[in-house]
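Structure record follows, encoded as structure tokens.
The values are calculated or read from the model by the stated rules, or taken from the named source; none is laboratory data. Just so you know, these numbers come straight off a predicted model, no measurement behind them. For neighbour counting, all protein chains shown are included, and Cβ atoms are generated from backbone atoms with ideal geometry for every residue, glycine included.
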Amino acid sequence: MIKNDKWIKTMALEKGLIEPFEPNQVREGKISFGTSSYGYDMRVSNEFMVMKNNAKAIDPKNSSDIFELVVVKDFIEIPPNSIVLGKTIEYFKIPRDIVTIAFGKSTYARCGIFVNITPFEPEWEGFVTLSIANTTSLPIKVYTGEGIAQVLFLQASEVCETSYADKKGKYQAQKTITQAKI
């Protein structure tokens with residue numbers, strides 16, 4: 001069952017599901033963020049990992065030497081046909097009976113930005129690492145502190161036998177942008 005805005009607000013305020021939490025949808029002059037009817041529009045922070053100019057190939061088993069951290073003020077301009085890694089402003093703590101699905105915001109999708117986020121497994125927590133891809137032949141701006149993707153919360157009919165925390169998942173409680181690791 002997908003969870004609604006009332007559940008999201010209750011869980012955020014009573015259980016720390018999302019911190020910092022925006023209980024309303026903020027949109028005035030911004031790409032919207034905050035609580036929506038059946039989800040939460042998360043914001044991108046001002047920290048990004050960009051590819052170094054000397055990167056030759058990307059290896060998901062060893063990507064530590066191809067990205068460098070940059071901190072920007074209002075936006076980052078993503079070069080054509082490239083990706084950056086970002087992170088959310090919000091820290092999430094997922095309950096044991098919940099799994100999430102996230103989708104990029106349509107405002108960015110209509111400009112050629114694809115945001116990939118894997119599901120947040122039961123009892124995963126942390127800042128979300130975002131893969132933000134510019135699929136066009138032109139640079140695209142991504143604005144910090146504004147909406148980047150929407151997360152939907154799905155409640156299971158039964159509690160899982162093994163949660164992400166039980167497995168001691170490699171991305172558990174991440175505080176920074178986390179590159180691929182095995």
Any idea which of Val72, Val99 is modelled with pLDDT of 95 or more, over 18 Å from Tyr143 (Cβ atoms) and β-branched (Val, Ile, Thr)? Val99
Which pairs have Cβ atoms under 6 Å, sit 6 or more apart or on different chains, and link a residue in the range 50-68 that is acidic (Asp, Glu) to one that is part of a loop (DSSP other than H, G, I, E, B)? Glu68/Lys52
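Could you go through the range 126-134 and let me know if any residue there is among the small types (Gly, Ala, Ser) and at pLDDT below 95. Before you say what the answer is, go through the steps one by one.
Start the filter on the range 126-134 by keeping residues that are among the small types (Gly, Ala, Ser), which leaves 126, 131, 133.
If we keep only those that are at pLDDT below 95 too, we end up with none.
The answer is no, given that none of the residues of the range 126-134 is among the small types (Gly, Ala, Ser) and at pLDDT below 95.
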Are any residues in the range 14-39 acidic (Asp, Glu), over 19 Å from Ser106 (Cα atoms) and part of a loop (DSSP other than H, G, I, E, B), and if so, which ones? Glu22
What is the one condition in (1) within 22 Å of Lys170 (Cα to Cα); (2) under 14 Å from the mean Cα position of the chain (by Cα) that Phe33 does not satisfy? (1)
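For the range 71-166, which strands (runs of 3 or more DSSP E) that fit wholly inside it have 3 or more residues that are in contact (Cβ under 8 Å) with a residue 24 or more places away in the chain and either in contact with a Cys (Cβ under 6 Å, 6 or more places away or on another chain) or surrounded by 13 or more Cβ atoms within 10 Å (Cβ to Cβ) (or both)? Don't jump to the end; show me each part of the working.
Working: elements: 75-78, 82-93, 98-104, 113-116, 125-134, 140-143, 147-155.
The strands (runs of 3 or more DSSP E) meeting that bar are 75-78, 82-93, 98-104, 125-134, 140-143, 147-155.
Are any residues in the range 38-56 of a type outside the set (A, V, I, L, M) and modelled with pLDDT under 95, and if so, which ones? Please lay out each step first, then the result.
Step one: of the range 38-56, the residues of a type outside the set (A, V, I, L, M) are 38-41, 43, 45-48, 52-54, 56.
Lys52, Asn53, Asn54, Lys56 - these are the residues of the range 38-56 that are of a type outside the set (A, V, I, L, M) and modelled with pLDDT under 95.
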Only one residue in Met11, Met42 is in contact (Cβ under 8 Å) with a residue 24 or more places away in the chain, under 16 Å from Phe127 (Cβ atoms), under 20 Å from the mean Cα position of the chain (by Cα) and not in a loop (DSSP other than H, G, I, E, B). Which one? Met42
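If I ask for residues that are within 30 Å of Val26 (Cα to Cα) and β-branched (Val, Ile, Thr), which ones from the range 145-172 would you list? Write out each step before concluding.
At the first step, the residues of the range 145-172 found to be within 30 Å of Val26 (Cα to Cα) are 145-156, 171-172.
Ile148, Val151 - these are the residues of the range 145-172 that are within 30 Å of Val26 (Cα to Cα) and β-branched (Val, Ile, Thr).
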Looking at the range 47-70, which of its residues are loosely packed, with under 13 Cβ neighbours inside 10 Å, assigned to a strand (DSSP E or B) and of a type in the set (A, V, I, L, M)? Leu69, Val70
